[in-house]
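One structure is given below, encoded as structure tokens.
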Amino acid sequence: MEFTKLETSRLILRPIEEKNVEDFLYYRSNPDVARYQYWESFMPDQALDYIKKYRYSKPGIPGEWFQLGILHKETNRLIGDCALKLDEFEPRNAEVGCNLSYDYQKRGIATEAFFCVFNYAFLELKVHRISAITDCENKASIKLLERLNMRREAHFVKNVWFKGKWGSEYSYSILEEEWFNINRPLG
């Protein structure tokens, strides 16, 4: 079955299209969004190349990121993106990531998007475990992962060379049975 989109009450999650490049550039070039990412900003040609690279990505391919744009239903504008990748060697384990326009942060949007993605991963892709890595200084991301009831499993001290200095990261995860003991699936 071909993937088309996921929906929540406020959001549509679907592959990013070339027509979304201006919105993508707007939030991905914001220093507050890029602060804990490996990139600083995107030039228009880089953004278009990125969108084209992931436009036809498919869910459930081990070792490959499945990139979804987060569109706000009210405006039909791209306000962020989230991604899911099944582990190359153990595809029942997945990793997630998210970027959200600074204009839409602190409104529960990332929580809503991840809630939808987690349900999809557990129910449709039959994932056993979802993990996420975040910079130890990224308070918003830490709050998000803990709001999703993910468990902090590791603290990696100065494990990554990041923007000219050593950075530390936290690793979070949640198992499928833990997720459904806490949350009811949508639908």
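For region 86-163, taking the reciprocal of the average inverse distance between every pair of different Cα atoms yields a Kirkwood hydrodynamic radius of 13.9 Å. Packing around the peptides 100-108, 40-48, taken as the average count of other Cβ atoms within 10 Å per residue, puts them in this order, highest first: 100-108, 40-48. With 22 Å as the limit, the listed pairs Lys5/Lys143; Lys5/Lys85; Lys5/Lys73; Lys106/Lys139; Lys5/Lys58; Lys106/Lys143 have Lys5/Lys143 beyond it between alpha carbons. Across Asn99, Asn159, Asn119, mean-square fluctuation computed from a Gaussian network of the chain (C-alpha pairs under 10 Å connected) peaks at Asn159. Region 55-107 and region 123-156 have Cα centres separated by 14 Å.
Each residue of region 138-146 was assigned a 3J(HN,Hα) from its phi angle through the Karplus expression (A = 6.51, B = -1.76, C = 1.60, θ = phi - 60°), giving 7, 4, 5, 5, 4, 4, 4, 5, 6 Hz with x at Gly and Pro.
Among the cysteines of the chain, Cys116, Cys136 have no other cysteine beta carbon within less than 4.7 Å of their own.
A Gaussian network model of the chain, with springs between Cα atoms under 10 Å, assigns the largest mean-square fluctuation among Trp39, Trp166, Trp65 to Trp166. By DSSP, the beta bridges lying fully in the chain are antiparallel in about 90 percent of cases.
Secondary-structure-derived ellipticity at 222 nm for the chain, considering helices only, amounts to -8500 deg cm²/dmol, per-run term -39500 (n - 2.57) for DSSP H runs with n ≥ 4.
Converting phi to 3J(HN,Hα) with the Karplus coefficients 6.51, -1.76 and 1.60 and the offset θ = phi - 60°, region 76-92 yields 6, 9, 6, 10, x, 8, 9, 9, 9, 9, 7, 4, 4, 9, 9, x, 7 Hz in sequence order, with x at every glycine or proline. Each residue of region 22-28 is assigned a 3J(HN,Hα), and the resulting list reads 5, 5, 4, 4, 4, 7, 6 Hz, derived from the Karplus form 6.51 cos²θ - 1.76 cosθ + 1.60 (θ = phi - 60°), x at Gly and Pro.
Translational diffusion coefficient, Stokes-Einstein: compute it for the chain using the Kirkwood radius over C-alpha pairs as Rh, at 4 °C and 1.567 mPa s, and state it as an integer in µm² s⁻¹. Calculated translational D: 77 µm²/s. For the chain, the relative contact order works out to 17 percent when only alpha carbon pairs closer than 8 Å and six or more residues apart are counted.
By the rule of a C-alpha distance below 17 Å, with chain neighbours fewer than 8 residues away ignored, the lysines paired with Lys52 are Lys19.
A short reminder: the numbers here are calculations on the coordinates, not readings from a lab. Since the structure is predicted, the reported quantities are computational estimates derived from the model, not experimental observations. Ideal geometry is used to build each Cβ from the backbone, glycine not excepted, and the neighbour counts take in all protein chains shown.
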